[in-house]
Amino acid sequence: MPRALALLLTAAAITWTVVLFAAPAAIERGGPGAAMGAVPIYASASRICHQQPERSFTFDGVQLPVCARCSGLYISGAVGALLAWVPRRRREGVHDRRLLVICALPTALTWGLEFGGVASFTNAARALAAVPLGAAAGWVFVRALADEARAAERRRIPCPEPPAIS
């Protein structure tokens, strides 16, 4: 089950990233029917993102459904989820929580400085600051599920062979 969840999480991260770019393309090129199909995407994204136009990237001349910071999180999250499937040896001393906290620092710093009125950042800087957190989160969550699946396989005890009848 954990392996299936890891695959599902990876597929969902990739799909959401593709949808973020497909929605504005549908509005710009797809005609009225396709544009109406993009409405639920923007409505869903509005639940998790402020969608301020001045803080959002555009694609095909249309604002993305999420801001630049969220775009950086989601794109890098999908990349991190994919990278979690690359075989590697686990290094002792690497703790997932510590990794997430360290990778959240650029996002927290830029957000805090902007919120406090100390600094203003470009959309590219906001997105780039979010990349470490998104990539780490995608990698950590998918890797944790995949590792659990491997551990569960190792814990399975094979059924003993029945005794031969003579």
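The values are calculated or read from the model by the stated rules, or taken from the named source; none is laboratory data. From a predicted model like this one, the values you see are computed outputs, not experimental measurements. Counting neighbours? That spans all protein chains shown, and the Cβs are built from the backbone with ideal geometry, glycine included.
Answer with yes or no whether Ala78 is under 30 Å from Pro2 (Cβ atoms) and of a type outside the set (Asp, Glu). So Ala78 fits the description; yes.
Arg29 - would you say it is under 15 Å from Gly138 (Cα atoms) and of a type in the set (Lys, Arg)? Answer is no for this residue. The residues on offer are Ala129, Ala104, Ala137, and the sole one that is over 19 Å from Leu83 (Cβ atoms) and hydrophobic (A, V, I, L, M, F, W, C) is Ala129.
Taking the listed residues Ile75, Ile102, the one that is at negative phi, of a type in the set (Val, Ile, Thr) and surrounded by 18 or more Cβ atoms within 10 Å (Cβ to Cβ) is Ile75, with no other qualifying. Residues in the range 112-160 that are more than 17 Å from Cys67 (Cβ to Cβ) and of a type in the set (Lys, Arg): Arg143, Arg150, Arg154, Arg155, Arg156. If I filter the range 1-10 for residues that are of a type in the set (S, T, N, Q), exposed (fewer than 14 other Cβ atoms within 10 Å of the Cβ) and at pLDDT 95 or above, do I get at least one hit? Checking the range 1-10: not a single residue is of a type in the set (S, T, N, Q), exposed (fewer than 14 other Cβ atoms within 10 Å of the Cβ) and at pLDDT 95 or above. The residues in the range 11-47 that are β-branched (Val, Ile, Thr), out of contact with any helix residue (DSSP H, G or I) (no Cβ under 6 Å at 6 or more places or on another chain) and modelled with pLDDT under 95 can be counted, and the count is 1. For the range 43-71, a tally of residues being surrounded by fewer than 18 Cβ atoms within 10 Å (Cβ to Cβ) and in a helix (DSSP H, G or I) returns 4. Considering only the range 19-36, how many residues are buried (at least 18 other Cβ atoms within 10 Å of the Cβ) and either touching a Phe, Trp or Tyr at 6+ places or on another chain (Cβ under 8 Å) or more than 16 Å from Thr58 (Cα to Cα) (or both)? Summing the residues that are buried (at least 18 other Cβ atoms within 10 Å of the Cβ) and either touching a Phe, Trp or Tyr at 6+ places or on another chain (Cβ under 8 Å) or more than 16 Å from Thr58 (Cα to Cα) (or both) in the range 19-36 gives 3. Among residues of the range 85-124 being aliphatic (A, V, I, L, M), part of a loop (DSSP other than H, G, I, E, B) and modelled with pLDDT under 95, the one that is nearest to the chain's Cα centre (by Cα) is Val86. Being in contact (Cβ under 8 Å) with a residue 24 or more places away in the chain and either under 30 Å from Leu109 (Cα atoms) or not aromatic (Phe, Trp, Tyr) (or both) is a property that Gln63 has.
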